[in-house]
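K.L.:
Okay, here's the structure, questions in a sec.
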Amino acid sequence: MHKKSLFFILSIYLSTSLTCAYGLSNKTQLYSMADLKVLNTNNDFYEFFAHAKDVRPAKRNDTWNSAVLDTASKFLAANFFSEEISTKDYKLLVKISSWNTLKRDEFFIEKFDLAISRYFSQCFQSKSKICMPQLNTLLKKHKMSRKLGVKLAEALYKNNIEGDILFNLVLPMSSNTLGEFYCSKHPTSQIIINKLYSDKTAIRKIHKDCLKSLLPTLKEKLTKQQSPYTRYQTYNILNSKQKISKKDRNIYHITQLIDGFTLDPEQTLMAFETLRKLGDNINQREMVLDNLKKSIPLHGKIFNINSKSAIATLRGLSRYFPEYLDYYSSVCISHLSGKLKTAGGNPATFCHPFFKAASKHQLIPENKIQKYKKIMTL
């Protein structure tokens with residue numbers, strides 16, 4: 001046989017032998033259940049999860065499932081409840097969370113949710129640039145629980161992260177019947193309300209039980225919020241669902257008038273009609289007045305506005321709701337004279353423009369105007 005032919009045959013033989021040997025060597029490297037138990041005992045988490053699936057699917061019995069669950073639990077306890085969570089540990093956790101054994105276990109899911117929320121809370125606190133890309137990837141590839149969405153939204157909110165991502169995280173919960181138990185809690189409630197303020201169509205996505213739990217917060221904003229625009233937004237939300245009582249509606253309209261907020265034509269007519277009706281109902285006037293007295297500072301931006309509409313409003317208040325002008329003027333005189341001191345200063349912040357308008361348009365009794373003038377000349 002020719003030497004070259006003999007050399008070629010020997011080469012093929014050696015190559016085949018080495019390949020077979022390598023294949024056999026690979027098979028001998030597969031970890032057994034006994035190996036996994038040792039890794040679990042020694043807390044060798046990375047090696048365990050790298051080889052847990054060396055066990056063939058048909059042999060992944062209860063013993064294998066228990067080992068996976070126990071190792072995952074110990075991995076979480078050891079690495080996700082310390083002061084700092086590494087990106088390496090986060091990536092492994094996300095990877096194994098897709099395993100059927102783990103993603104079907106309620107206890108693992110609960111611990112996973114807490115661990116992931118703690119990781120991103122720390123990540124955003126560190127101002128790292130990888131946080132948002134990692135979160136976006138998680139949202140795309142991982143089917144998270146409703147609770148995790150709420151926890152992540154809370155973590156982002158606390159770190160001053162804004163935008164639709166917050167609402168998108170709480171939406172699975174707020175659009176579900178379970179939302180009733182979460183929607184009223186801060187900051188979830190504020191995240192939802194902020195979205196309702198900026199997007200009129202968002203209310204269609206909120207479950208009725210979630211919206212019901214938000215009503216106390218919304219009603220408080222309607223009657224106690226200092227910002228006229230926030231009150232206006234809140235009114236529109238509640239009014240669209242017919243969730244405003246006559247009392248709250250009256251308080252809203254009168255407060256908006258006193259703050260000089262420019263209402264839409266429909267609300268302007270309703271506000272003046274409310275004011276006119278108050279003139280005939282002393283009990284309603286007292287109720288509205290009691291509410292207005294609780295506000296610090298006192299509402300009264302209208303006193304600092306010099307326009308025809310503002311003057312018309314002032315005259316309407318003088319005619320139909322003189323009790324508030326009387327109260328406002330009394331607070332001014334008491335503070336300016338030094339007889340009364342309130343923590344934070346005079347709650348009637350528009351005293352001087354108020355008395356200027358009152359004197360010019362005869363809004364209050366002359367004796368009070370004279371008291372003010374006497375104090376100012378001392």
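Just so you know, all these numbers are worked out from the coordinates, no wet-lab data involved. Everything numeric here is computed off the predicted structure, so don't read it as measured data. In this analysis, Cβ positions are derived from the backbone assuming ideal geometry, glycine residues included, and neighbour counts consider all displayed protein chains.
K.L.:
Search the structure for amide H atoms under 5 Å from the amide H of SER175, placed 1.01 Å from N in the peptide plane, and list their residues when 5 or more places away or on another chain.
P.N.:
Correct list: HIS207.
K.L.:
Let me ask something else about it. Ordered by residue, what ³J(HN,Hα) values in Hz, to whole numbers, does segment 265-277 give under the Karplus form 6.51 cos²θ - 1.76 cosθ + 1.60, where θ = phi - 60° and Gly and Pro are x?
P.N.:
x, 5, 5, 4, 4, 5, 5, 5, 5, 4, 4, 5, 5
K.L.:
When the convex hull of the C-alpha atoms of the chain is computed, what volume per residue in Å³ does it have?
P.N.:
245
K.L.:
With the contact rule set at Cα under 8 Å and sequence spacing of 6 or more, what percent relative contact order holds for segment 30-144?
P.N.:
The normalised contact order for segment 30-144 reaches 21 percent.
K.L.:
Another question, then. In whole Hz and in residue order, list the ³J(HN,Hα) couplings for segment 210-227 that follow from phi through the Karplus curve 6.51 cos²θ - 1.76 cosθ + 1.60, θ = phi - 60°; x for Gly and Pro.
P.N.:
Each residue's phi maps through the Karplus curve to give 5, 4, 4, 6, 7, 4, x, 5, 5, 5, 5, 5, 5, 9, 10, 5, 6, 6 Hz.
K.L.:
Looking at segment 76-126 from every direction and averaging, what is the projected area of its Cα convex hull in nm²?
P.N.:
Value for segment 76-126: 3.3 nm².
K.L.:
Still on this model: If I histogram all Cα-Cα distances within segment 30-144 using bins 10 Å wide from 0, what percent of pairs lands in each bin?
P.N.:
Calculated over all Cα pairs of segment 30-144, the distribution is 13, 45, 31, 11, 1 percent.
K.L.:
Then there's this: What number comes out for the charge environment of SER307, summing +1 per Lys or Arg and -1 per Asp or Glu over other residues with Cβ under 15 Å away?
P.N.:
With Lys, Arg at +1 and Asp, Glu at -1, the net is +4.
K.L.:
Convert each backbone phi in segment 58-68 into a coupling constant with the Karplus relation 6.51 cos²θ - 1.76 cosθ + 1.60 (shift: θ = phi - 60°), then list the ³J(HN,Hα) values in order as whole Hz, x for Gly and Pro.
P.N.:
5, 9, 7, 8, 4, 5, 5, 4, 5, 5, 5
K.L.:
I've got another one for you. Hey, what did the chain get for relative contact order, percent, Cα under 8 Å, at least 6 apart?
P.N.:
Here the relative contact order equals 8 percent.
K.L.:
Any idea how far the Cα center of segment 252-324 sits from the one of segment 325-378, in Å?
P.N.:
18
K.L.:
Rounded, prolate or oblate: which fits segment 259-378, taking a ≥ b ≥ c as square roots of the Cα gyration tensor eigenvalues, rounded meaning a/c under 1.5, else prolate when a/b beats b/c?
P.N.:
Prolate is the answer for segment 259-378, as a/c is 1.5 or above and a/b outweighs b/c.
K.L.:
Taking Cα pairs under 8 Å and at least six residues apart, what relative contact order does segment 245-378 come out at, in percent?
P.N.:
Across segment 245-378, relative contact order equals 24 percent.
K.L.:
Below 15 Å, Cα to Cα, which aspartates and glutamates can LYS103 reach? Residues fewer than 8 away in the same chain don't count.
P.N.:
LYS103 reaches ASP70, ASP113.
K.L.:
I'd like the projected area of segment 163-244, averaged over all directions, using the convex hull of its alpha carbons. Report it in nm² with one decimal.
P.N.:
Value for segment 163-244: 4.8 nm².
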